[in-house]
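Throughout, read-outs are computed from the coordinates displayed, never taken from laboratory work. Quantities reported herein were computed from a predicted structural model and do not represent experimental measurements. Cβ placement follows ideal geometry from the backbone for every residue including glycine, while neighbour counts extend to all protein chains displayed.
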Amino acid sequence: MANKDLKYLKEHVREQLKKGMATEFLEPHELKIVIPFLNKANISYQTFHLFHESEKVILYHTQKPNLTCYQVVSKVPFRHQDILGSIFSHQINKNLFGDIIMMNGNFYITILSSMKNYFTSFFTMIGNQRITLKEVPLETVSSYQYQFITKKVMVPSMRIDVVLAKLLGTSRSTILEKIKVNEVVRNYEVVKNKALELKEGDILSIRKYGKYQIAEKEGTTKKGNQILNIKKYC
């Protein structure tokens with residue numbers, strides 16, 4: 001994030017809270033920037049989570065945010081990344097909606113209520129399939145817990161291209177190309193360094209491949225390869 005963007009983010013959040021307004025959804029890396037700034041400025045705030053582990057949160061002063069939750073209804077199955085890709089294809093800002101979650105085979109997305117008309121006007125298709133947005137109570141998602149599929153992979157190094165190529169069953173050149181066109185995100189920031197070294201706890205999003213977390217290093221093989229447990233978000 002450029003310095004001017006950092007300055008705008010901090011000032012924007014400060015002004016919202018000073019006016020008694022709730023912020024938009026903030027991602028973890030944005031919170032790391034905003035929270036110290038607010039504390040230093042002695043600006044009080046509370047934190048709103050959609051559910052206990054939600055990664056995107058909203059800051060507010062006294063009045064909780066006004067949100068609308070939708071169940072995404074379709075005649076054909078689709079994936080988390082399909083929904084996200086469709087939303088971004090309509091230039092809908094990531095701070096206007098919360099975590100996209102799946103419960104009991106259904107996908108749910110929560111947005112700022114002020115964006116209902118805009119959102120429902122544009123988010124009508126996923127790929128070439130028409131969808132319906134069914135409004136449901138916000139409490140529908142309040143008890144959600146992340147679900148994962150864990151995969152074990154062995155890699156000679158923790159370089160991002162090496163790990164992702166092994167994890168996704170593709171070539172390093174494919175991963176490097178995705179990095180080049182800004183399709184790889186680590187801890188909610190676009191990856192620019194193709195030689196980036198990953199570590200435990202890192203969260204990775206790869207366009208068209210999904211979202212993953214480097215859960216832990218389990219050990220080392222006799223040949224010196226590192227054994228990683230990697231969680232895929234369902």
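For a bin width of 5 Å, list the pair-distance distribution of the range 3-60 built from all Cα-Cα distances, rounded to whole %.
Histogramming the range 3-60 at 5 Å steps yields 4, 19, 33, 27, 13, 4, 0 percent.
Could you work out the helix-only [θ] at 222 nm for the chain, with each DSSP H run of four or more residues adding -39,500 (n - 2.57) and the total divided by the number of residues, to the nearest 500 deg cm²/dmol?
For the chain, the value works out to -8000 deg cm²/dmol.
Once every Cα of the range 67-141 carries one equal point scatterer and solvent is ignored, give the base-10 log of I(q)/I(0) from the Debye formula at q = 0.12 Å⁻¹, two decimals.
-0.27
Is the range 24-156 rounded, prolate or oblate when judged by the Cα gyration tensor, a ≥ b ≥ c being the square roots of its eigenvalues, rounded requiring a/c under 1.5 and prolate requiring a/b larger than b/c?
oblate
Quick one: what Rg and Dmax do you get for the range 114-223 from the alpha carbons, in Å?
Gyration radius and largest Cα-Cα distance of the range 114-223: 18.1, 59 Å.
Ranking 80, 52 by Cβ neighbours within 10 Å, fewest first, what do you get?
Result, fewest neighbours first: 52, 80.
If neighbour count is taken as other Cβ atoms inside 10 Å, put 30, 15 in order from fewest to most.
Placing the least packed residue first, the sequence is 15, 30.
Could you please rank 123, 25, 37, placing first whichever residue has the fewest other Cβ atoms within 10 Å of its Cβ?
Sorted ascending by nearby Cβ count, the order is 37, 123, 25.
Please tell me the relative contact order of the chain in percent, rounded to the nearest whole number, where contacts are Cα pairs under 8 Å and at least six residues apart.
Computed value for the chain: 17 percent relative contact order.
Taking every pair of distinct Cα atoms and averaging 1/r, then inverting, what Kirkwood hydrodynamic radius in Å comes out for the chain?
Final number for the Kirkwood radius of the chain is 19.4 Å.
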